[in-house]
1. Using alpha carbons only, how many degrees (0 to 90, rounded to 10) separate the axis of helix 634-647 from the longest principal axis of the chain?
2. Can you tell me the mean projection area, over all orientations, of the convex hull of the stretch 320-533's alpha carbons? Units nm², please.
3. Cα axis of helix 616-627 to longest principal axis of the chain: angle in degrees, 0 to 90, nearest 10?
4. Fewest to most neighbouring Cβ within 10 Å: what's the order for 371, 613?
5. log₁₀ I(q)/I(0) of the stretch 329-377 at q = 0.18, 0.20, 0.24, 0.30 Å⁻¹, via Debye over equal Cα point scatterers, no solvent, to two decimals?
6. For 216, 88, which order do you get if you count the other beta carbons within 10 Å of each Cβ and list the fewest first?
7. Among 307, 510, which comes first, second and so on when ranked by fewest other beta-carbon atoms within 10 Å?
8. Can you give the relative contact order of the stretch 456-546 as a percent, counting alpha carbon pairs under 8 Å and 6+ residues apart?
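What follows draws every value from the coordinates through simple rules; no lab data is involved. Here the structure is a predicted model, which is why all the values come from computation and not from measurement. All Cβ positions, even for glycine, are placed from backbone atoms using ideal geometry, and neighbour counts span all protein chains on display.
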């Protein structure tokens, strides 16, 4: 038996060697399979507990024939022979001498399900005759049957690794489980002496594979890179037709493109080809030609392969047939982008104005930060964006954000990609704006159109889409401040929109088709501009933005009445605007004038300004004056509680909170800790949560 096992191993080696030599002919319907085996008895022949037989080891050798049918699951017939040898279980602790040696002859049928071009799942059922002999004497024949499943992994064109497991019953002996791990070899047509070669059914008539752009490596997983035309030139129906595509250098495995149940004789189909490319394709820095392969498999063993030469462009290449393609270069997770943007935002954090839109100030910080960094505008030397109107299929070059930061210059598309990457990294949604011959970008302000009107923002300076308000930014104006590049972008958008030649592409919508790609981390780091220069540039431009919006909102209040209650109200309203924007001297001037004329809201607002200036003593005095005339305001009592807490007046804070509770219990619960703060003493900054309520 040991000699037989060694012979089986020698046979497996011979099969491997034969496969390695290869053949130019298609494999036939015949295969041979050889595999070592193990059987583990679980129950005795009468289904009682097994107390006699130990596991058996041996091997199987089988011949298989693939049936050609119209069934969706390919069928095969199998005839095999096997041998095994097993010892006996000890009785108690006493060993039982001898061995049971068996020879088996089995026949059966199997059905396969192709999972992908290399992997198949099979189910099988076999029955036959076994002949067993005991080494100590005695022998007998008996029936055997097994049913199980297996996995077939195609290791080469005609070689398959096989793993099988089955339930095994040997009549009168035992019921158990068995497993084999071996090799299957598909015999070439020439091995069938005297038999005519089986005609090939399918022909790959033509391949049409487009040039490949690495930046769209994820895009090709769902969108075809080309097509293959396949025809059934035979006289039989081709079943289970599988088509796959592969470029070995840049794909980890062939991509299955189609699985067709039937292709009738005389029919021709065109199959789209897809590719799932790995990260290595982003290492291509010069256009290069590679070999692509298309595999067509059908039935059990029918196959055809055809190769084509494909041009893979460099990672920066694209065409402008669809302006949304630029979104693939917007890399908000690039280490340089994250580092630089985070530095800009942190540097100006304390300088922000609480009244201006948050996203506007973030965009301002990014613009002024990149300006300080030294980014310049440089027209592309290859094929600038403006020529796309003449030939949208011409190949252009677009920089990744890290490359633009390295070169410190770029054209309109490069700079728009860089801006969008930085702003997306800061949590601000962006969009590309295109007009004939030019591309720039826009940011989502994060406010509604009604809020924009309430801020007296000029509607001509905005882009409104689906209820969202955006502001365009002309990214090429490298020596201009934020308000100027905003104004220029708005003018460009407005003029092109009137001519109906402007397009607007929200980044997150574009990413659904062209997923963002970034350069792999390379261990380098960005050189940060001086923080004081970034802060100074931000402060200068922020002051302009504040003045612009404040002036517009004051103008929206209308002309100031000369006297009377209307003048008092107007003074208070203007003072509120000054206070919201942090212009406290101007706010105090108007509030004092209104308070002198008898305005109670102005008294409250004088207290608010005092709190903003960390003067809780004056604030508390103003609130006390106001509450004598305005007793039903929870906001006023809450402001008193904050001022009292800041002064360490616990009793006064508790008293004010008690009045709050009568009017607004939820607000009283939210700020209940003010009484404890007041009792222990604290600073105004510790109780100011930014929730100033202007009257």
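1. On a 0 to 90 degree scale, this one is about 90.
2. Numbers: hull surface 46.8 nm².
Over every viewing direction, the Cα hull of the stretch 320-533 projects on average to 11.7 nm².
3. Result, in degrees: 70.
4. Numbers: 371 22, 613 13.
Lowest count first: 613, 371.
5. At q = 0.18, 0.20, 0.24, 0.30 Å⁻¹ the computed log10 ratios are -0.61, -0.73, -0.97, -1.20.
6. Values: 216 21, 88 17.
Least to most surrounded, the residues fall as 88, 216.
7. Numbers: 307 11, 510 22.
In order of increasing Cβ crowding within 10 Å: 307, 510.
8. Details: 45 pairs, mean separation 20.6, N = 91.
After rounding, I find 23 percent.
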